[in-house]
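The values are calculated or read from the model by the stated rules, or taken from the named source; none is laboratory data. Treat the numbers as computed from the prediction; the structure is a model and nothing was measured. Cβ: placed from backbone, ideal geometry, glycine included. Neighbour counts: every protein chain shown. Just so you know, the surface numbers come from the protein's heavy atoms only, side chains and all, with ligands and any DNA or RNA stripped out. Shrake-Rupley method; radii C 1.70, N 1.55, O 1.52, S 1.80 Å.
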Amino acid sequence: MTTTTETYGVDPTPTPLALLLLGREADPNSERGVECPGDLPAASDPDLVARARAAKDALGDRVFILGHHYQRDEVIEFADVTGDSFKLAKDAAARPEAEYIVFCGVHFMAESADILTSDAQRVVLPDLAAGCSMADMATAEQVAECWDVLTDAGIADVTVPVSYMNSSADIKAFTGRHGGTICTSSNAKRALDWAFEQGQKVLFLPDQHLGRNTAVLEMGISLDECVLYNPHKPNGGLTAEQLRDAKMILWRGHCSVHGRFTRESVDEVRERIPGVTVLVHPECRHDVVTAADMVGSTEYIIKALDAAEPGSKWAIGTELNLVRRLAKAHPDKEIVFLDRTVCFCSTMNRIDLPHLVWALESLVEGRVPNVITVDPETEKYAKAALDRMLALP
C-alpha cells in the first residue's frame, strides 16, 4: 500500500516549530514561553474544601504541607508554611516528626526537599506533571557535553559552576561534583563572589537572566564578558576564543513566566498609571530589569509591598497568583500585574485542589502516592553544592 501525504493530510515541509525543537532555528518570541490562557483557572468544586480539611485533620502531625508562593489560593489555604523553593525545603527539614511532606510546588522543589529531609520522611508531589520549564532547559547530558567543550577550550579547570535553585537534582549534583555552589535569587551575588574567589570564570545554570543581571548590575561585569551557551548548537554556538575571553558563561535557559515581560510592558504601564513603581523579579530580561525602579526576589517583593506607603501604585513583574494575592492583601495600595496579557505559571498550577485532596486522602488510606526520591549518589553531590551555599557568608 502506498501512503501519500493526501491520505493523512501531512505536510512534509518542516515547520518553524519543528526546526526549533530540533535546534536548527531560533524563535524570536521563544522567551514568551508557554501559551497563556489569559486568566487563572476557575476555582475547584467547593465540596473539595471540606474533604481536604477532613483528610488533613485525620493525618494530623504526620503530614506537613508546603505551599510555594506561586500556588493557587485554594491550595495555599491548606499549606502549613508558604515561601520560595529553598525556604520550603529547609522548613521541611526542620520538621523531622512529619512522616509525609506534601510539596505543593514543582518537581525540582520536591527533589530539594527529599535531599534535605531524613530517609524516614517521604516527599509527595500531588501531580507528577508539575515540572518547571526552566529546570527542563538543562539536562545532565547537555551539561556534561558543555563541560567537555570547556575542557577542550582549556578553561574547565578555572571555571566554577553556579546553579540556580530552579534546577534538577542532576544539575545540582553536577555542580557539587565540580566544586560549585547553588544560589537563590536572593543570594546570587554572594554565590558569584564566592565562585570568583575559587576560579576565573563561572558557568551559570540554567537561568541566563538571573546570571546576567547579577553579574552586570551588581558586580560590574560588562555585557561583553557574558556569553550565551546554547546547548542546541555545536560547541554551544561559541568559539574557543569567545569562551576563553568570557567571565560569565550563561546557559540558554529562562523562566517562561518572567521571560514574558518586555520593555514595552514597562513603558506601557508607566503611561497608563502615572507615578507607578515598577518592581520586577531578577529572572526578567536585562532590558526589563534596567527599566524597572526596583528588582528583587519573591521574598523581597513581598516585603517591599508590606512596607509600602498606603496609596502607592505598583506594577509587579512576577507570577500572577502572587501578584493577585498581594493586591488582595493590600487594598490600600494599587497593585497591578506588569503585563496586560496576564500569565500564571501553568506547571505550578497543575497542583490544584483536586490533586491535593487525592494525595491527602491516599495518605489517609495508607497509600503513599507520587513519592519523589533522589538516588544516593545524586543526593550526595547535590547536597554538597547546597551545603556550600549554606556556608556562604
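When D91 is tested against (1) of a type in the set (D, E); (2) surrounded by fewer than 16 Cβ atoms within 10 Å (Cβ to Cβ); (3) under 20 Å from A169 (Cβ atoms); (4) without any contact (Cβ under 8 Å) to a residue 40 or more places away in the chain, just one condition goes unmet, and that condition is (2).
Annotation: S265 fulfils all but one of (1) assigned to a helix (DSSP H, G or I); (2) surrounded by fewer than 22 Cβ atoms within 10 Å (Cβ to Cβ); (3) in contact (Cβ under 8 Å) with a residue 24 or more places away in the chain; the unmet one is (2). Scanning segment 297-311 for residues that are open to solvent by less than 30 Å² (accessible area, probe 1.4 Å), of a type in the set (G, A, S) and touching an Asp or Glu at 6+ places or on another chain (Cβ under 8 Å) returns a single hit, S297. Listed conditions (1) open to solvent by 10 Å² or more (accessible area, probe 1.4 Å); (2) under 25 Å from D387 (Cβ atoms); (3) touching an Asp or Glu at 6+ places or on another chain (Cβ under 7 Å); (4) not in a loop (DSSP other than H, G, I, E, B) are all met by D61, apart from (2).
Among S133, S185, which is open to solvent by 10 Å² or more (accessible area, probe 1.4 Å), in contact with a Pro (Cβ under 6 Å, 6 or more places away or on another chain) and outside any helix (DSSP H, G or I)? Full working, then the answer.
Values: S133 fails: in contact with a Pro (Cβ under 6 Å, 6 or more places away or on another chain).
Unique residue meeting the criteria: S185.
For segment 323-367, filtering for residues that are assigned to a helix (DSSP H, G or I), open to solvent by 60 Å² or more (accessible area, probe 1.4 Å) and either of a type in the set (A, V, I, L, M) or more than 23 Å from V63 (Cα to Cα) (or both) leaves 4. Scanning segment 285-301 for any residue that is of a type in the set (A, V, I, L, M) and over 24 Å from the mean Cα position of the chain (by Cα) turns up nothing. No other residue among D152, D148, D157, D127 is surrounded by fewer than 24 Cβ atoms within 10 Å (Cβ to Cβ), among the charged types (D, E, K, R) and within 30 Å of P354 (Cβ to Cβ) apart from D127.
Only one of A195, A191 is assigned to a helix (DSSP H, G or I), under 15 Å from M389 (Cα atoms) and in contact (Cβ under 8 Å) with a residue 60 or more places away in the chain. Can you tell me which? Don't jump to the end; show me each part of the working.
Details: A195 fails: in contact (Cβ under 8 Å) with a residue 60 or more places away in the chain.
Only one candidate qualifies: A191.
Would you mind stating whether E97 is assigned to a loop (DSSP other than H, G, I, E, B), touching a residue at least 24 places away in the same chain (Cβ under 8 Å) and surrounded by fewer than 21 Cβ atoms within 10 Å (Cβ to Cβ)?
So E97 fits the description; yes.
The one condition from (1) closer than 21 Å to Y164 by Cα; (2) buried (at least 16 other Cβ atoms within 10 Å of the Cβ) that D287 does not meet is (2). Scanning segment 368-379 for residues being closer than 13 Å to D119 by Cβ and either of a type in the set (V, I, T) or part of a helix (DSSP H, G or I) (or both) gives a total of 5.
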